[in-house]
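**Student:** Below are the structure tokens for one structure; questions will follow.
The values are calculated or read from the model by the stated rules, or taken from the named source; none is laboratory data. Given the structure is predicted, the values throughout are model-derived calculations rather than measurements. In this analysis, Cβ positions are derived from the backbone assuming ideal geometry, glycine residues included, and neighbour counts consider all displayed protein chains. These accessible areas exclude ligands, DNA and RNA; they are computed on the full protein's heavy atoms, side chains included. Shrake-Rupley method; radii C 1.70, N 1.55, O 1.52, S 1.80 Å.
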Amino acid sequence: MRLLGECALVRAGYTYRGSLKHGHTGDTQIIQFADISRANPFRTDTLARADLNKMNKRYLLCDGDIVLRSRGIDNYAMLVTTPPERMICIAPLLYLRVVDRTKLLPEYLHWFLNLSQVQSIFSEYALFDKCYTRYICARDVANLLMPLPAIEHQRDIVEYYKQEAESYVKLEEINKARLLRVEKWLLHELQNM
């Protein structure tokens, strides 16, 4: 077991002051809280943009970074893959960057953060602000104990989980189609009564 903070940097997103409008042109794509959801796949073509050429470059997201929702009931983590040249996340989002990819795969860390057991731990760590909004601190994320198997085992775990998740999605699609067929049949039966 290792502390997550020993394997990855945990930082708050960029503090943006101003209004963000979709459709605005700018040099930097911005991931906001609402852009990260377990229910909807992440899309870069819908992100807001702003001109942030004077911003510190440490906020720029890299391939393999993980963006974590630090507020609300669901602390879902999203893996950033092949970001455009300039992309950031803004506070209250946190971002994590693996320090040494020979010891920890970003995909494994992403899988680990989204485990229901880890989400339960986040619930235990949660604090509440003045508006009674639940949030977790970067410090608590960094102090999370994480099993760190050999890199080959991490790859196996990620691949196995990916296959199972794809099967789950396919089964969900089959069940939705089945339910629609049943509804259609029942409506047909009602019309013939």
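**Student:** So is residue 74 open to solvent by 40 Å² or more (accessible area, probe 1.4 Å), touching a Gly at 6+ places or on another chain (Cβ under 8 Å) and free of Cβ contacts under 8 Å to residues at least 60 places away in the same chain or not?
**Tutor:** Working: open to solvent by 40 Å² or more (accessible area, probe 1.4 Å): yes; touching a Gly at 6+ places or on another chain (Cβ under 8 Å): no; free of Cβ contacts under 8 Å to residues at least 60 places away in the same chain: yes.
It is false that residue 74 is open to solvent by 40 Å² or more (accessible area, probe 1.4 Å), touching a Gly at 6+ places or on another chain (Cβ under 8 Å) and free of Cβ contacts under 8 Å to residues at least 60 places away in the same chain.
**Student:** Which residues, counting only those in segment 83-108, are among the β-branched types (Val, Ile, Thr) and either within 17 Å of residue 64 (Cα to Cα) or free of Cβ contacts under 8 Å to residues at least 60 places away in the same chain (or both)?
**Tutor:** Across segment 83-108, the qualifying residues are 88, 98, 99, 102.
**Student:** Would you point out the residue of segment 91-102, among those that are surrounded by fewer than 17 Cβ atoms within 10 Å (Cβ to Cβ) and either over 20 Å from residue 154 (Cβ atoms) or touching a Leu at 6+ places or on another chain (Cβ under 7 Å) (or both), that is modelled with the lowest pLDDT?
**Tutor:** Among those residues, the one meeting the criterion is 91.
**Student:** Any residue at all in segment 156-167 that is modelled with pLDDT under 95, more than 19 Å from the chain's Cα centre (by Cα), over 26 Å from residue 95 (Cα atoms) and outside any strand (DSSP E or B)?
**Tutor:** yes
**Student:** Quick one: which residue in 111, 185 is without any contact (Cβ under 8 Å) to a residue 24 or more places away in the chain, on the phi < 0 side of the Ramachandran plot and of a type in the set (Phe, Trp, Tyr)?
**Tutor:** Residue meeting the stated conditions: 185.
**Student:** Filter segment 95-122 for residues that are out of contact with any helix residue (DSSP H, G or I) (no Cβ under 8 Å at 6 or more places or on another chain) and farther than 21 Å from residue 13 by Cα and give the result.
**Tutor:** 101, 115, 116, 117, 120, 121
**Student:** Can you confirm whether residue 11 is more than 24 Å from residue 121 (Cα to Cα), touching a residue at least 24 places away in the same chain (Cβ under 8 Å), among the charged types (D, E, K, R) and assigned to a strand (DSSP E or B)? Before the answer, list the steps.
**Tutor:** Numbers: more than 24 Å from residue 121 (Cα to Cα): no; touching a residue at least 24 places away in the same chain (Cβ under 8 Å): yes; among the charged types (D, E, K, R): yes; assigned to a strand (DSSP E or B): yes.
Here the answer is no, as residue 11 does not meet what is asked.
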